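The values are calculated or read from the model by the stated rules, or taken from the named source; none is laboratory data. Model, not experiment: these values are computed from the prediction. Backbone-built Cβ (ideal geometry, glycine too); neighbour counts: all protein chains shown. We work out accessible area using only protein heavy atoms, side chains counted, and drop any ligands, DNA or RNA first. Shrake-Rupley method; radii C 1.70, N 1.55, O 1.52, S 1.80 Å.
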Amino acid sequence: MKVVRNLDLERYMGRWYEIACFPSRFQPRDGTNTRATYTLAGDGAVKVLNETWTDGRRGHIEGTAYRADPASDEAKLKVKFYVPPFLPIFPVVGDYWVLHVDDAYSYALVGQPSLNYLWILCRQPHMDEEVYGQLVERAKEEGYDVSKLKKTAHPDPPPETEQSAGDRGVWWIKSLFGR
């Protein structure tokens, strides 16, 4: 699988909106305004904050990402979350491979070698359909079944701060039951 080389982690930091993804049991089915915020830590790791809104309530989980092989120039990262988010006990580690990022770092295609997870991300909550189509085509070239992609709704922009009403991790329990 072809991944980005020499990813500029500093430029990649900041807010990314989920434009589309493969649905997973780790996210609510009816989540909207889903976004991720990445912050570079002093040790080179990346602090991850994933947020989604369901019925006006914020669900979130925090984690850490790091280069899978620090000696490699490939954009292959590992991301670690502790679950359940309201009582972090069990680490869950997954691959986070940047398959494409444009020169302006305004949109990205992220996947995993298993082909089970795929995200189309953008710095804005909406993406030009032509760009979206190009990213879908790129995913298809890598072997992804793009018929599984589900667009993420962004009907009401959520607050820019992280201080909105939350569900304290209840969404994670609901997701185990497919809700």
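Estimated at the nearest 10 Å², the accessible area of L7 is 10 Å² with a 1.4 Å probe. How high is the relative contact order of the chain, in percent, with contacts defined as C-alpha pairs under 8 Å that are six or more residues apart? Relative contact order comes out at 30 percent.
Of the accessible area of segment 8-149, with the probe set at 1.4 angstrom, what percent is carbon plus sulfur? Please list the in-between numbers first.
Values: 3630 of 6980 Å².
Ligands and nucleic acids excluded, carbon and sulfur give 52 percent.
Projecting the Cα atoms of V46, F22, P157 onto the dipole axis of the chain, where Lys and Arg carry +1 and Asp and Glu carry -1 at the beta carbon, places F22 farthest toward the positive end. With helices as the sole contributors, the chain gives -3500 deg cm²/dmol at 222 nm; each DSSP H run of n ≥ 4 counts as -39500 (n - 2.57), and the sum is divided by every residue.
If the limit is 20 Å between Cα atoms, which of K80/K148; K78/K150; K2/K140; K47/K148 go over it? Pairs exceeding 20 Å: K80/K148; K78/K150; K47/K148.
Pull out the extension gain between S106 and Y38, defined as 0.36 nm times the separation in residues minus the alpha carbon to alpha carbon distance; nm, one decimal.
Details: separation 68, 0.36 × 68 = 24.48 nm, distance 1.39 nm.
Contour length minus the Cα-Cα distance gives 23.1 nm.
Available extension along the chain between D128 and S147 is 4.9 nm, counting 0.36 nm per residue and deducting the alpha carbon span. Remark on the chain: hydrodynamic radius 16.6 angstrom, per the Kirkwood mean of 1/r across alpha carbon pairs. Give me the accessible area per residue for the chain, probe 1.4 Å, as a whole number in Å². Here the per-residue accessible area is 54 Å².
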